[in-house]
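Where a number appears in this text, it was derived from the coordinates with a stated rule and is not lab data. Just so it is clear, the model here is predicted, and its values are computed rather than measured. Cβ sites come from the backbone with ideal geometry, for glycine too, and all protein chains shown count toward neighbours.
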Amino acid sequence: MTDPAFNLEDASEILISIGELILGDPEYHDTPWNAFTLVVDLDRGSSVYGYAYADDGSWQGACPGARDVLDRAVDLRAAMSEPGKRDWKLCVIQVSRSDPRVTADFEYKSTKRWKVTPANVYDTAEKLRPRQRANLDSIVPQPSKRWWRRRSL
């Protein structure tokens, strides 16, 4: 029997289901947010934290679908696993209400990349704020062997 390899189709379906969990969380249906960013940490243990961003530019700590998102993130990491290569430690998942797309970015080495501390909580919230669609369209894609490690569906 061979080891399972990265499965793009499964990973894409799981990422979409995570976006649906975030968009469908009933706790946030009546709140004035326009985007969410969630950070999933699967390095030593597991945790999820995030931010809800409103149209007026304000933000607040939020974790829509946290338990279910965490479970699906474990599935996502398994679907992305490649024999002989390290699995990702952190994942940032972003969803916009106005343009229901799911964007994910993965960190394979440092768990400090998106770490929140009392000293950097405001900077981190701004750093993790989803970019507007117009800005994303102006980015010229750079070819990479790991193009799938940063997915926008």
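Tabulated data for the structure shown
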{"read-out": "Rounded if a/c under 1.5, otherwise prolate or oblate - segment 50-136, Cα gyration tensor axes", "value": "prolate"}
{"read-out": "10 Å-binned pair-distance histogram of segment 1-104 (Cα, whole percent)", "value": "15, 47, 27, 9, 2, 0"}
{"read-out": "Backbone HN-Hα couplings from phi across segment 73-81 [Karplus 6.51/-1.76/1.60, Hz, Gly and Pro as x]", "value": "5, 4, 5, 4, 4, 5, 5, 8, 5"}
{"read-out": "Karplus-derived 3J(HN,Hα), 6.51/-1.76/1.60, for each residue of segment 52-60, Hz, glycine and proline x", "value": "9, 10, 9, 4, 7, x, 6, 8, 8"}
{"read-out": "Highest average packing first - 65-72, 6-13, 94-101, Cβ atoms within 10 Å", "value": "65-72, 94-101, 6-13"}
{"read-out": "Gained length - V74 relative to N120, 0.36 nm times residue gap less alpha-carbon distance", "value": "13.9 nm"}
{"read-out": "Packing-based order for 43-49, 26-32, using average beta carbon neighbours within 10 Å, highest first", "value": "43-49, 26-32"}
{"read-out": "Distance (nanometres) between label positions extended 7 Å along Cα→Cβ at S17 and R97", "value": "2.6"}
{"read-out": "In order through segment 27-42: 3J(HN,Hα) via Karplus (6.51 cos²θ - 1.76 cosθ + 1.60), integer Hz, x for Gly, Pro", "value": "5, 10, 4, 9, 9, x, 8, 10, 7, 10, 10, 10, 10, 10, 10, 10"}
{"read-out": "Cross-link partners of K127 among lysines (Cα-Cα below 23 Å; sequence separation of 8 or more within a chain)", "value": "K89, K109, K112, K115"}
